[in-house]
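Structure first, then comments.
Only the coordinates and a few stated rules stand behind these numbers; no lab work does. These numbers come from a predicted model, not from an experiment. Cβ: placed from backbone, ideal geometry, glycine included. Neighbour counts: every protein chain shown.
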Amino acid sequence: MAQLYYSMKPTPMLKDELDIVIPTIRNLDFLERWRPFFEQYHLIIVQDGDPSKAIKIPEGFDYELYNRNDINRILGSKASCISFKDSACRCFGYMVSKKKYIYTIDDDCFVAKDPSGKEINALEQHIKNLLSPSTPDFFNTLYDPYRDGADFVRGYPFSMREGAITAVSHGLWLNIPDYDAPTQLVKPLERNSRKFDFSLRYVDAVMTIPKGTLFPMCGMNLAFDRELIGPAMYFGLMGDGQPIGRYDDMWAGWCVKVICDHMGWGVKTGLPYIWHSKASNPFVNLKKEYNGIFWQEEAIPFFQSVTLPKECTSVQQCYLELARLVKEKLGKVDPYFNKLAVEMVTWIEAWEELNSPKGTEAKAPNGKKK
Ligand SMILES: O=c1ccn([C@@H]2O[C@H](COP(=O)(O)OP(=O)(O)O[C@H]3O[C@@H](CO)[C@H](O)[C@H]3O)[C@@H](O)[C@H]2O)c(=O)[nH]1
Ligand SMILES: [Mn+2]
């Protein structure tokens, strides 16, 4: 009967070309809310924290599950580049995936509704964003010209209307916005939701982030072309034993954007929205973010000043050049950046080990096929 049910359901887009990566420290009951949208995709679950803890995964999902023991077993000494006790561990899922696309989502994110009350299939919107071109070189004032009902506006050069390949689709959040701790502390009650003037909160737009402009990439609701930009999607070393937290995705976003600009690829932000249900503790977050709030005032000018040499023709080469520059330019800000630069190189070595044709296959001992 189940087979008949599946055969009757429409095959979702990129069903066999996309993995969903979830970092977690808890049971994944949230998947029940996403079942209509996720159950035909393969999940890669990266269990953080105590590997002896069993997490419950609802029946009917096709997944592979990795805990810290698996990460250490698969990467050996190179496991040092994967964060422990921080959601940054999710990037291990990007590395072991064999698919062209990745969607990553937090386990406290649920299906949101658009202003008409319709449930948002966030994954489908991300896929549309990734499969349609970007406009990094010339801003279209009607936002995404490739969306139904939109187009290029007058004065947009026809020679540029083919657009660029889209490497990243950055989604947003209703209810709990991704604020830093100081902002959270001064706006404890603010919700990005229908209680306020909903039309101000739900912006029905997808836009390309212009070339040469950095952005704060949030890992909560994010999709990307893994074959294109995967090697640069290293979520910086945070968590246990590190002097900084909650800048993992920010670090990845700055590296990714500099490399996408160099390669001529686009990064989009906007739709889809998810419903972010849980605000993490602002005081705990302040401790994690403290150094980052200082260091980003040095890091941003550094990334803005980076020019990658034309000899860097692959993402791996770009990333290794970035690691070299991080050590040279940011190492004097704090020794942490020397360590981060080393782990950036380790990440690329581990990526190559698992993903080059002769690379080793990562075997997930815990996993369930439907
Ligand atoms: O030690 C940990 C803590 C959590 N996780 C998993 O990671 C995600 C996010 O956790 P949570 O929702 O509690 O934290 P947020 O502050 O909302 O996360 C956002 O901030 C950034 C953190 O870098 C990031 O952009 C967002 O994720 C959940 O799935 C937890 O289960 C973990 O793996 N390890
Ligand atoms: Mn959260």
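Please find the FRET efficiency linking THR313 to LEU189, where r is the Cβ-Cβ separation and R0 is fixed at 51 Å, and quote it to the nearest 0.05.
The formula returns an efficiency of 0.55 here.
Go through LYS85/LYS327; LYS78/LYS257; LYS128/LYS310; LYS98/LYS288 and tell me which ones have a Cα-Cα distance over 28 Å in this structure.
In this structure, LYS128/LYS310; LYS98/LYS288 exceed 28 Å between Cα atoms.
Based solely on C-alpha atoms, express the radius of gyration and the Dmax of segment 91-221 in angstrom.
16.7, 48
Go ahead and estimate [θ] at 222 nm for the chain from helices alone: -39,500 (n - 2.57) per DSSP H run with n ≥ 4, summed, over the residue count, rounded to 500.
Value at 222 nm, helices only, nearest 500: -10000 deg cm²/dmol.
On a C-alpha basis, how far is the centre of segment 68-141 from the centre of segment 321-343 in Å? Whole number, if you could?
Centre-to-centre distance over Cα atoms comes out at 25 Å.
If packing is taken as the average number of other Cβ atoms within 10 Å across a peptide's residues, how do 76-86, 256-266, 155-165 rank, most packed first?
256-266, 76-86, 155-165
Which entries of LYS56/LYS287; LYS15/LYS268; LYS56/LYS268 show an alpha-carbon separation above 26 angstrom in the structure shown?
LYS56/LYS287; LYS56/LYS268
Taking the mean number of other Cβ atoms within 10 Å as a proxy for protection, how do you rank 241-250, 325-334, 52-61 from highest to lowest?
So the order, starting with the most tightly packed, is 241-250, 325-334, 52-61.
For segment 219-240 and segment 256-282, compute the distance between their C-alpha centroids and round to whole Å.
Going from one Cα centre to the other spans 10 Å.
Take every Cα-Cα distance within segment 222-336, group them into 5 Å bins from 0 onward, and report for each bin the whole-number percent of pairs it holds.
Per 5 Å bin, starting at 0, the Cα pair percentages come out as 2, 10, 19, 22, 19, 15, 9, 4, 1, 0.
Assuming a viscosity of 1.306 mPa s and a temperature of 10 °C, what translational diffusion coefficient in µm² per second does Stokes-Einstein assign to the chain, Rh being the Kirkwood radius over Cα pairs?
Result for D is 75 µm²/s.
Take the Cβ-Cβ distance between ARG26 and LYS339 as r, set R0 to 30 Å, and report the resulting FRET efficiency rounded to the nearest 0.05.
Once rounded, the FRET efficiency stands at 0.55.
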